[in-house]
Amino acid sequence: MLYKIMMNNNGSLVYAIKSANIHKKVGSYIREIIKPGISIHNIASMIEEEIHKEIQYDINNPLEKGIAFPIGLSINNCIAHYTPNYEDSEYIFQNSDIIKIDYGVHIKGIIIDSAFTMSFNNNYNEFINISRNLTNYAVSLCGPDVILGELGKDIEEYIQSKEITIDNKIYTVKIIGDLCGHMIRPYEIHAGVAVPNIAINYPVRMKIDEYYAVEPFLTTGNGKSMIKEPKSHYMLDKNYKYHKKNSSLNKEELDLYELIQRFYSTLPFCQKWLYAINNTMNHNSLLNSLEKKNIINSYPPIYDIKNSIVSQFEHTIFVKENGIINLTKNDYY
């Protein structure tokens, strides 16, 4: 009965629930296969293959359903937006590492975006638990008419004065204040409305039938993000419209643009996926060229200071009349 009500009131919710169930199933698989000694390349490939299998990805209809954005495998002081490039050297996941696994699935553009943190170093357990509890607390505050700036204030206050001990050293836990959650729309992962993680003057309210990704980031560093090379994440600029008569694209650039349009449209993609489709193109050079022409945007890896560690948990929620549905809630987070 509940399923029929959801289908009648909001058709997208049916796809969201199906996508979320696949996301959770893939999450269980990830937590079984990730172990020290596995390369990040292999972890990314295994997650991609599992999503494609579970969602029944059809390469002949690539925008119908599939991976919503590149697999984020951000280790230690890397906060987000790291996925291995085609030519990157192998990094082997270590027993001492802490890793954020951020991945998304979609059906008909209805995106589920969720992330979790893992480590085999028991010294990080307290830190990871605080991070998990913070995200679940933030989700519990969401609902229709919630003022997003006030939500950020509550998130920040929750974490104030919290300390952890790692290897007999005390660290103050901080929020990474210049990163935030976001609204999600069909085929649009960052849909223009932010979910702040700190107190700011932001009077925008959550509304019924909206989807949001809620994702506070915790760090033992200084809480200020910095961008580093090499780039791996890209996305078409949604404002760019190709016009044959006044196009500045050469044949190779046009071929890559058309490939991106066909396989990803406005969904994010990564460099190594392009090589998997066509390894004869010089993708690095062409991506740089398309970025200079404002046709695509890049999203480089984000870091905190050296020797810090970062944790992230993220849920996708749907705002309904009398509260929310936490679509990605599961046994781990």
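A few points about this structure:
- Bridgeable aspartates and glutamates around LYS241 (alpha carbons under 17 Å apart, same-chain partners fewer than 8 residues away excluded): GLU188, GLU253, ASP255, GLU258, GLU291.
- Under 19 Å from the LYS224 label point (7 Å along Cα→beta-carbon), backbone N, the stretch 147-173: 172-173
- The stretch 233-298 - Rg and Dmax from Cα coordinates, angstrom: 10.8, 31
- Counting only DSSP H runs of at least 4 residues, each contributing -39500 (n - 2.57), and dividing by the residue count of the chain, the helix-based mean residue ellipticity at 222 nm comes to -10000 deg cm²/dmol.
- FRET efficiency, ASN42 to SER247 (Cβ-Cβ, R0 56 Å, nearest 0.05): 0.90
- Partners of LYS169 within straight-line reach, counting lysines whose Cα lies under 24 Å from its Cα and excluding those fewer than 8 residues away in the same chain: LYS100, LYS224, LYS306.
- Converting phi to 3J(HN,Hα) with the Karplus coefficients 6.51, -1.76 and 1.60 and the offset θ = phi - 60°, the stretch 60-72 yields 7, 9, x, 8, 5, 6, x, 7, 7, 6, x, 5, x Hz in sequence order, with x at every glycine or proline.
- With contacts taken as Cα pairs under 8 Å and at least 6 residues apart, the chain reaches a relative contact order of 23 percent.
- Across the stretch 212-333, Cα pairs under 8 Å and at least six residues apart give a relative contact order of 47 percent.
- Residues listed by number, the stretch 212-251, amide nitrogen under 18 Å from LYS306 label point at 7 Å toward C-beta: 220-230
- Table column - 3J(HN,Hα) (Hz), the stretch 170-185, Karplus curve with 6.51, -1.76, 1.60, x for Gly and Pro: 8, 10, 7, 7, 10, 7, 7, x, 8, 10, 8, x, 6, 6, 10, 10
- Sequence-distant residues sharing a close amide H with VAL105 (under 5 Å, placed H): ALA68, ILE112
- Residues listed by number, the stretch 308-332, amide nitrogen under 19 Å from GLU126 label point at 7 Å toward C-beta: 308-312
- Rounded to whole numbers, the Karplus 3J(HN,Hα) couplings from phi for the stretch 203-212 are x, 5, 10, 5, 10, 4, 6, 9, 10, 9 Hz, using 6.51 cos²θ - 1.76 cosθ + 1.60 with θ = phi - 60°, and x at Gly and Pro.
- Distance violations [Cα-Cα > 24 Å] among LYS24/LYS174; LYS245/LYS292; LYS35/LYS231; LYS65/LYS238: LYS24/LYS174; LYS35/LYS231
- Each Lys or Arg adds one and each Asp or Glu subtracts one; over the other residues with Cβ under 11 Å from the Cβ of GLY177, this totals 0.
- Directionally averaged shadow of the chain, computed from the convex hull of its alpha-carbon atoms, nm²: 17.7 nm²
Every number in this text was worked out from the coordinates using simple rules, so none of it is lab data. Quantities reported herein were computed from a predicted structural model and do not represent experimental measurements. We place every Cβ from the backbone using ideal geometry, glycine too, and count neighbours over all the protein chains shown.
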